[in-house]
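**Student:** Pasting in a structure now, in structure tokens, and then I'll have a few things to ask.
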Amino acid sequence: MEYCYYTADVFTNKPFSGAQIAVFPDSVDLSSETMQQIAGEINLSETVFLSPDEQNPSDLRRRMRTFTPTQELDFAGHPIIAAAYVLAKTGAIPTTEADTAIILEQNIGPIKAYIMHKNDNALFIQFSLSCAASVDSFVPGDQELSEILSFKNAASISNPHYQSKLITTENSYLVIPCNDLEQLQNARFDAKAWGRSSAPSTNAGHLLLFSKSTYSNNADFHLRLLGPNVGDEDPPVGSALTAFSSYLASFQNLRKGTYTFAAERGTPKSRLSLLHVEMDNKENGTLTLRIGGPAVLMSKSTLYL
């Protein structure tokens with residue numbers, strides 16, 4: 001059997017930037033075990049397998065499964081951008097000059113994505129989701145956190161406007177403000193310092209570092225993920241945006257309403273991404289997010305099984 005797949009760079013409009021995602025537009029005959037083996041063989045951060053949604057058949061609806069090289073994910077943000085972009089770019093779904101809405105059925109449930117044509121006819125993909133988070137301010141102190149991050153002193157993470165907090169959405173994140181962008185990029189996760197600190201008691205598998213200083217003039221924040229579940233590999237941050245948005249909304253000086261911001265990840269020399277977020281901060285404590293960005297189609301390949 002032959003299976004066609006594509007790779008796309010997402011949250012960027014430049015080749016060789018953003019996050020690399022592989023997309024199989026038609027994987028109807030593949031088993032879960034084979035999908036996992038394929039994801040391990042391709043060895044990108046995520047590989048997406050699409051098939052018709054048998055429960056709700058429609059040209060604008062797909063079943064979507066996402067695998068890392070080692071496990072299946074119930075939800076992932078970057079692959080939504082890649083999947084919708086590849087479907088539209090290859091003509092696998094009908095699109096119009098206006099916005100086209102499609103449904104991608106992930107393990108957590110259906111996600112609505114919008115395919116938009118910009119003025120230069122470039123495609124911009126946006127998806128929406130709602131989230132509720134628990135917020136805990138009782139976290140390890142700046143000195144403990146600085147040792148975990150291999151910083152020389154706690155001054156790197158002291159900030160008069162932001163404090164470290166534990167945010168739990170679908171996963172738990174220690175969200176940590178950093179004053180210096182260069183030092184944020186040089187942070188290294190120290191497993192021994194983690195083990196002797198109070199951090200393991202938080203059950204956080206990720207440290208989400210952020211800075212208000214950025215590489216791009218179009219970005220409001222720079223984000224970086226590391227920690228016991230990811231080491232220092234600097235993975236895509238799309239799945240952490242619910243936690244980061246909930247973190248921003250947790251401060252009392254942020255009034256209820258709709259806010260927009262852009263978050264970057266990576267460096268100009270290592271696949272810089274730019275993620276656009278619209279955040280509805282409502283009275284009931286639930287956030288509605290619209291996350292979007294462009295993508296670039298990079299390759300088309302055939303897998304022989």
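The numbers here are math on the coordinates, done by the rules we state, and not lab data. Nothing here was measured: the structure is a model prediction, and the numbers come from that model. Positions of Cβ are generated from backbone atoms using ideal geometry, with glycine treated the same way; all protein chains shown enter the neighbour counts.
**Student:** Per-residue ellipticity at 222 nm for the chain, helices alone: DSSP H runs ≥ 4 residues times -39500 (n - 2.57), over residue total, nearest 500 deg cm²/dmol?
**Tutor:** -4500 deg cm²/dmol
**Student:** Now for a separate question. Once you order the gyration tensor axes a ≥ b ≥ c over the Cα atoms, which shape class does region 134-285 get: rounded for a/c under 1.5, otherwise prolate or oblate by comparing a/b with b/c?
**Tutor:** Oblate.
**Student:** By a straight-distance test (C-alpha under 17 Å), which aspartates and glutamates pair with K118 as possible cross-link partners, with residues fewer than eight away in the same chain excluded?
**Tutor:** E97, D99
**Student:** Taking θ = phi - 60°, what integer Hz values does the Karplus form 6.51 cos²θ - 1.76 cosθ + 1.60 yield along region 8-23, in sequence order, with x for Gly and Pro?
**Tutor:** Running phi through 6.51 cos²θ - 1.76 cosθ + 1.60 with θ = phi - 60° gives 9, 8, 10, 6, 7, 10, 10, x, 6, 10, x, 9, 8, 10, 9, 10 Hz.
**Student:** Where the centroid of each part is defined by its Cα atoms, how far is region 233-305 from region 45-124 in Å?
**Tutor:** Using only Cα atoms, the two centres lie 16 Å from each other.
**Student:** Still on this structure, please answer the following. Arranged by the count of other C-beta atoms within 10 angstrom, fewest first, what order do R61, R224 take?
**Tutor:** Final ranking by Cβ density, sparse to dense: R61, R224.
**Student:** Counting Lys +1, Arg +1, Asp -1, Glu -1, what net charge surrounds N56 among other residues with beta carbon under 11 Å of its beta carbon?
**Tutor:** For residues surrounding N56, the net value is 0.
**Student:** Among [x] 33, 57, 10; [y] 32, 60, 8; [z] 32, 52, 16, 0, which is the computed P(r) over Cα pairs in 20 Å bins from 0, in percent?
**Tutor:** Of the labelled values, this structure produces [x].
**Student:** OK, next. What number, in percent, do you get for the relative contact order of region 134-285 if the mean sequence gap of Cα pairs under 8 Å and at least 6 apart is divided by its residue count?
**Tutor:** The value is 19 percent.
**Student:** While we're here: What pairs in K165/K269; K152/K212; K89/K269 have C-alpha atoms more than 23 Å from each other?
**Tutor:** K165/K269; K89/K269
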